[in-house]
Amino acid sequence: MERLPYSQWYDTFNRFAGDLYPGRYTREYTASLVCAARQISELAESKQSLIVAHNYQFPELQEVAAEVGDSLGLSRYVAEQTSPRVDFCGVWFMGETAKTIVGERSKVYMPDKPGCSLVESIDHARVRAWKQKFADGIVISYVNTDAATKALSDYICTSRNAAQVLDHAAGQNPGRRILFLPDKFLGSVSIAQSNVVDPSLVDLYDGCCHVHAKIGESALEEAFERHPEAELLIHPECGCASHCMSKVMQGNSPYQKAFFLSTEGMIRHAEQSQADEFIVGTEMGMVYRLRRQIPGKTFHPVSADAVCEYMKMNTLEKLLDSLERDQIEVTIEAETARKAQLAIDRMLSIQ
Ligand code: SF4
């Protein structure tokens, strides 16, 4: 995404995000954001910092970042860079992943320390008990997990490559049980999208993300009623995902116009689709990115509730503070980092 000139922040934020965050972008507040952004830019340059932001961050954080993306895209991007400092705007576990990847080469800082309901649904003791029961079992965990869970895992995946990782793990380890965690919705959609020969060998952990779980079937039905011509771009972590997929497979209208996509997949699909109008079935921040990157098409949030309060704990003001005071630094215990790195490396090597 090309950097937006500061002179266009007020108009662009109100045009593309006015309905997403009503009342947020007043002239006065936007002017204060521009002022903070100028200081951030100077500090980032002098401290040789690489600022990266997840798609669910506020527009102003997306605009000051060198790269905006999903967890896999940001992991790959950070892995390729050599800057001595990374300022990561996302949830804490993503910062941990970045730190695991860059190791001692770079310091990683975050503006705040946001948790994540999906990660908090993981009980490490339960995962260890499963590993004891199935000694040759394979654990696949979502990239949005803490370093301790990654260290218990054989493979890491994202929503973009989950089916691919499942295929790879099942193909390399025929007949062995697989535990997929923590998101049960992502797990069931990934099994349906994969070529796994025996799905009964895959155990799904009973976790979910509260934001995506809230986007249930009724929210989709209402969105289709409001925008009957639109295609639905749906994130596989949505609570309705497996139900929605069964309707797609049965050919039910209007679900033939539903596409299960990671956040990067949404961008590619919307750019290439013949359709001009889309309902976005994931967190609100993604709607801003789609509108900004593809201004000729129309994007509607699936529901006004699709906001992750963890992601929104990061603000431009906190990022400035973090750059000024060199905090909050992400650190990981060496042995946990070493084990987590093995699982992450396997993910990054699967194309
Ligand atoms: S939307 Fe928020 S709660 Fe859900 S997985 Fe992402 S960071 Fe976690």
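The values are calculated or read from the model by the stated rules, or taken from the named source; none is laboratory data. All figures in this text were calculated on a predicted structure; none of them were measured in a lab. In this analysis, Cβ positions are derived from the backbone assuming ideal geometry, glycine residues included, and neighbour counts consider all displayed protein chains.
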## Note on the structure
Condition set hydrophobic (A, V, I, L, M, F, W, C) and surrounded by fewer than 18 Cβ atoms within 10 Å (Cβ to Cβ), scope the range 193-223, selection nearest to the ligand (Cβ to nearest atom): answer is L201
## Note on the structure
Residue count, the range 1-21, condition acidic (D, E) and either assigned to a helix (DSSP H, G or I) or more than 13 Å from Q62 (Cα to Cα) (or both), comes to 2
### Summary
In the set L233, L179, the lone residue that is touching a strand residue (DSSP E or B) at 6+ places or on another chain (Cβ under 6 Å), in contact (Cβ under 8 Å) with a residue 24 or more places away in the chain and within 30 Å of D154 (Cβ to Cβ) is L179
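Select from the range 243-265 the residues that are farther than 14 Å from A163 by Cα and touching a residue at least 40 places away in the same chain (Cβ under 8 Å) and write down the one among them that is surrounded by the most Cβ atoms within 10 Å (Cβ to Cβ).
This residue is T263.
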### Task
Considering every residue within the range 145-154, establish whether at least one is part of a helix (DSSP H, G or I), touching a strand residue (DSSP E or B) at 6+ places or on another chain (Cβ under 9 Å) and among the basic types (K, R).
yes
### Summary
Picking from V102, V108, the residue that is more than 20 Å from D183 (Cβ to Cβ), more than 16 Å from the ligand (Cβ to nearest atom) and assigned to a strand (DSSP E or B) would be V108
#### Entry: So S141, is it touching a Phe, Trp or Tyr at 6+ places or on another chain (Cβ under 9 Å), outside the structural domain of H235 (by TED's automatic domain parsing), farther than 15 Å from I332 by Cβ and outside any loop (DSSP other than H, G, I, E, B)
yes
### Selected residue (only one of A270, A343 is touching a residue at least 12 places away in the same chain (Cβ under 8 Å), buried (at least 20 other Cβ atoms within 10 Å of the Cβ) and in the same structural domain as Y155 (by TED's automatic domain parsing))
A343
### Task
Spot the failing condition for I122; the list is (1) over 19 Å from M284 (Cβ atoms); (2) within 16 Å of the ligand (Cβ to nearest atom); (3) in a helix (DSSP H, G or I), and only one is missed.
(3)
## Note on the structure
How many residues of the range 281-307 are surrounded by fewer than 23 Cβ atoms within 10 Å (Cβ to Cβ) and either within 13 Å of the ligand (Cβ to nearest atom) or within 14 Å of the chain's Cα centre (by Cα) (or both)? The answer is 2
### Query
Which of (1) buried (at least 19 other Cβ atoms within 10 Å of the Cβ); (2) away from the ligand (no atom under 16 Å from the Cβ) does E237 not meet, given it meets every other one?
(2)
